[in-house]
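A.B. asks: Here it is: the structure, laid out below.
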Amino acid sequence: MASNVVILDNGAGSIKAGIASDIPAEQQVLEVIPNAIVRSKGDKATYFGHEIAKCKDYSSLHYQLPFEKGYVVDWDAQKAIWDGIFSQEVLGVNTTESSLILTEPYFNFPNIQEIYDQFVFEEYEFSSYHRCSPASLIPHGKLLGMPLSECMLIVDSGFSFTHVVPIIKNNIVWSAVKRLDVGGKLLTNHLKELISFRQWNMMEETYIMNHVKESCCYVSTDFKKDMETMQFDLDNPIVQKYVLPDMSSRTKGRLLKPGDSILDSEQVLVMKNERFSVPEIIFRPDDIGLNQSGLASTIAESIACLPEDLQPMFWENIGLIGGNARLPGFRKRLLLELRSLAPMHCEVKIYESDDPITEAYQSAQRFASRPDFYNHCLTRAEYLECGSNGARRKFRDWKIIVDDTRSKDDGNATRRPRGRPPAALARKQGG
């Protein structure tokens, strides 16, 4: 077992953090921490990451996010949040005596990857670390059951985007990875706009509306039927009421259950077709003007890019991770649409996790327990000797694979040293 291995599943919306250990997974301490710095207008206080739980007034919170459009752009904010995680208040680790597993965005830029390396080895001085995308950890876990298939397709629907990631023998097939520009952030913002137009002005209430989305929204398996139900049946089970927090005696909102009473002073959101029309964007992006295919079609397009003799294995080994996969009805709706798109001879199977948000973290726990784990890590000594070139050689990311593929396709091209960016791209990035 790898001793003192720190795991950071560094998502744009939340960070899943913990320490790998020998105790059973259900007994391990896992911290899910908002990846944000929040300023409360109510108590005039600023909260960094894990400190948000101490906030007493969740109205009109101002968010400073390290991530923008899926990539880290504010490193000062990211460092402040990481500092809190490594402190005694959360993990309490000595980074100089620890190894690190750190997740990065899909299609991460080389210059951003170099900053990751610098923070890990120069700022925190970890002894070694492994950097990878969340989906590449899934083959080490139990999401798709045992024995594990050599071919699988991971749908990662997170905060910024939804990615479709095919994997063969634990390696991502980057040429077939597809991205849908719909994530949890877009869904929350769209819900804010709908509610603000129809009921209360909630444009500055990101925290509250995110909780409304998680409490009330679901994926419809028959969108047309649900719309007709809302239109013609005034007394229907779809309508729900959400009691907004009053920010004095009650700081969090709640879903109104049958038999619950409402005080005269309480404000109530009536959730009607917003419950299912907001998540519908994942399956119909053109509803809000996005010129992209829905999730099911995106999966079919990804599988079509793979070797034809292997395609049936991908259809029957689809795994769901990411926060949006927790929406009720998500798997059922996706399965219905994929069955209509899959070839007749292919069986469609979709595997879902008990907690899609932490599935990559749980898989990282099992990866850290492998006897050969440290063979996949870059040590601090190697970094000090080779810099980020050592990381490029150790971690085969999307750019290296694409470069190698282009070199094979061009018979007259001179093969570049593995891991080095093309000179034109390096100049373009200022590297």
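A.B. asks: Just the C-alpha atoms of region 177-285: what Rg/Rh do they give, with Rh taken as the Kirkwood radius?
C.D. replies: Details: Rg = 14.7 Å, Rh = 14.9 Å.
Value, to two decimals: 0.99.
A.B. asks: Let me ask something else. Using a 1.4 Å probe on the protein heavy atoms, what percent of the accessible area of region 51-164 belongs to carbon and sulfur? Could you put the intermediate results ahead of the total?
C.D. replies: Working: 2070 of 4260 Å².
With neighbouring chains kept in place, the figure for region 51-164 is 49 percent.
A.B. asks: Can you give the net charge of the other residues whose Cβ lies under 15 Å from the Cβ of residue 360, counting K and R as +1 and D and E as -1?
C.D. replies: Values: positive: 16, 131, 142, 326, 366; negative: 9, 31, 104, 156, 352, 354, 355, 359.
Here the count lands on -3.
A.B. asks: Excluding residue 379 itself, what net charge comes from residues whose Cβ is under 11 Å from its Cβ, given Lys and Arg +1 and Asp and Glu -1? Please list the in-between numbers first.
C.D. replies: Values: positive: 380, 394; negative: 382, 385.
Local net charge: 0.
A.B. asks: Given the Cα-Cα distance of residue 94 and residue 267 and 0.36 nm per residue of separation, how much length would full extension add, in nm?
C.D. replies: Values: separation 173, 0.36 × 173 = 62.28 nm, distance 4.74 nm.
Answer, rounded to one decimal: 57.5 nm.
A.B. asks: Jot down the radius of gyration and Dmax of region 91-216, Cα atoms only, both in angstrom.
C.D. replies: 18.9, 55
A.B. asks: Next question. Need the list of aspartates and glutamates near residue 54 for cross-linking: C-alpha distance under 19 angstrom, and skip anything on the same chain fewer than eight residues off.
C.D. replies: 31, 43, 83, 89, 205, 246
A.B. asks: Using a Gaussian network model of the chain with C-alpha springs under 10 Å, which one of 184, 141, 92 is most mobile by mean-square fluctuation?
C.D. replies: Its mean-square fluctuation being the largest, the pick is 92.
A.B. asks: Along the charge dipole of the chain, Cβ charges K/R +1 and D/E -1, which of 343, 212, 91 sits furthest on the positive end?
C.D. replies: Going by the charge dipole, the pick is 343.
A.B. asks: Starting from the Cα of residue 201, step 7 Å along the direction of its Cβ; do the same at residue 125; then give the gap between the two resulting points in nm.
C.D. replies: 5.2 nm
A.B. asks: With +1 on each Lys and Arg Cβ and -1 on each Asp and Glu Cβ, and nothing else charged, work out how big the dipole of region 130-222 is about its Cα centre, in Debye to the nearest 20.
C.D. replies: Numbers: 9 positive and 8 negative charges, 57 e Å.
Computed charge dipole of region 130-222: roughly 280 debye.
A.B. asks: Further question: Can you tell which of 136, 220, 196 shows the greatest fluctuation in a Gaussian network model of the chain with Cα springs below 10 Å?
C.D. replies: The residue that fluctuates most here is 196.
A.B. asks: Would you kindly state how much longer the chain becomes between residue 381 and residue 332 on full extension, computed as 0.36 nm times their sequence separation minus their alpha carbon distance, in nm to one decimal?
C.D. replies: 12.7 nm
A.B. asks: Another question, if that's okay. Mind putting a number on the dipole of region 217-361 about its Cα centre? Charges go on the C-beta only, +1 for Lys and Arg and -1 for Asp and Glu, and I need it in Debye to the nearest 20. Kindly include the intermediate steps, with their values, before the conclusion.
C.D. replies: Values: 16 positive and 23 negative charges, 74 e Å.
Roughly 360 debye, rounded to the nearest 20.
A.B. asks: Which percent of the accessible area of region 180-226 is formed by carbon and sulfur heavy atoms (probe 1.4 angstrom)?
C.D. replies: Details: 1130 of 2240 Å².
So the carbon and sulfur contribution to the accessible surface is 50 percent.
A.B. asks: Here's another thing I want to ask about it. Go through region 268-363 and name the GluC sites (Glu not before Pro) that are in a DSSP coil and have 13 or fewer other Cβ atoms within 10 Å of their Cβ. Before the final figure, lay out each step's value.
C.D. replies: Working: sites: 274, 280, 301, 308, 316, 337, 347, 352, 359; in loops: 316, 347.
Those that pass, being in a loop and sparsely packed, are 347.
A.B. asks: Shifting gears a bit: What is the gain in length, in nm to one decimal, between residue 305 and residue 60 on full extension, counting 0.36 nm per residue of separation less the C-alpha to C-alpha distance? The partial results should precede the final answer.
C.D. replies: Values: separation 245, 0.36 × 245 = 88.20 nm, distance 4.54 nm.
Full-extension gain reported as 83.7 nm.
A.B. asks: Charges on Cβ only, +1 for Lys and Arg, -1 for Asp and Glu, centred on the Cα centroid of the chain; of 293, 34, 64, which one is farthest towards the dipole's positive end?
C.D. replies: Ranked along the dipole, the leading option is 293.
A.B. asks: Does anyone have the angle between helix 206-216 and the longest principal axis of the chain? Alpha-carbon axes, 0 to 90°, nearest 10?
C.D. replies: In the chain, helix 206-216 runs at an angle near 80 degrees to the longest axis.
A.B. asks: From the helices alone, meaning DSSP H stretches of at least four residues, give me the mean residue ellipticity at 222 nm for the chain, per-run term -39500 (n - 2.57), in deg cm²/dmol to the nearest 500. Walk me through the intermediate numbers first.
C.D. replies: Details: 15 runs with 134 residues, N = 431.
That comes out to -8500 deg cm²/dmol.
A.B. asks: Using Cα centres only, tell me the gap between region 299-329 and region 44-108 in whole Å.
C.D. replies: Here the two parts' Cα centres lie 31 Å apart.
A.B. asks: So how far, in whole Å, is the C-alpha centre of region 267-289 from the one of region 121-137?
C.D. replies: Using only Cα atoms, the two centres lie 37 Å from each other.
A.B. asks: Right, next: Would you mind computing, in nm to one decimal, how far apart the modelled labels at residue 255 and residue 189 are, each placed 7 Å from Cα along Cα→Cβ?
C.D. replies: With each label placed 7 Å out from Cα toward Cβ, I get 2.6 nm.
A.B. asks: Tally Lys and Arg at +1 and Asp and Glu at -1 over the other residues with C-beta under 13 Å from the C-beta of residue 122: what net charge comes out? Write down the numbers at each step before the final one.
C.D. replies: Details: positive: 79, 380; negative: 114, 117, 123, 125.
Overall, the nearby charge balance is -2.
A.B. asks: What is the spin-label model distance, in nm, from residue 214 to residue 46 if the labels are put 7 Å beyond Cα along the C-beta direction?
C.D. replies: Computed distance between label sites residue 214 and residue 46 equals 2.5 nm.
A.B. asks: How big is the dipole moment of the chain about its Cα centre under a simple scheme where the beta carbon of each Lys and Arg is +1, that of each Asp and Glu is -1, and everything else is neutral? Debye, nearest 20, please.
C.D. replies: Working: 49 positive and 57 negative charges, 126 e Å.
The calculated dipole for the chain is roughly 600 debye.
A.B. asks: Taking Cα atoms of region 240-317, Rg/Rh with Kirkwood Rh, to two decimals?
C.D. replies: On the way: Rg = 21.3 Å, Rh = 16.5 Å.
When Rh is taken as the Kirkwood radius, the ratio is 1.29.
A.B. asks: On a straight-distance basis, which aspartates and glutamates could pair with residue 224 in a cross-link, Cα separation under 20 angstrom, same-chain partners fewer than 8 positions away excluded?
C.D. replies: Of all the aspartates and glutamates, those that pass the test against residue 224 - Cα under 20 Å, at least 8 places apart if same chain - are 233, 235, 274, 280, 286, 287, 337.
A.B. asks: Quick one: helix 295-304 against the long Cα principal axis of the chain, what's the angle to the nearest 10°, folded into 0 to 90?
C.D. replies: Roughly 20 degrees, rounded to the nearest 10.
The values are calculated or read from the model by the stated rules, or taken from the named source; none is laboratory data. Keep in mind it's a predicted model, so treat the numbers as computed, not measured. Cβ: placed from backbone, ideal geometry, glycine included. Neighbour counts: every protein chain shown. Note: areas computed on protein heavy atoms with side chains; ligands, DNA, RNA excluded. Shrake-Rupley method; radii C 1.70, N 1.55, O 1.52, S 1.80 Å.
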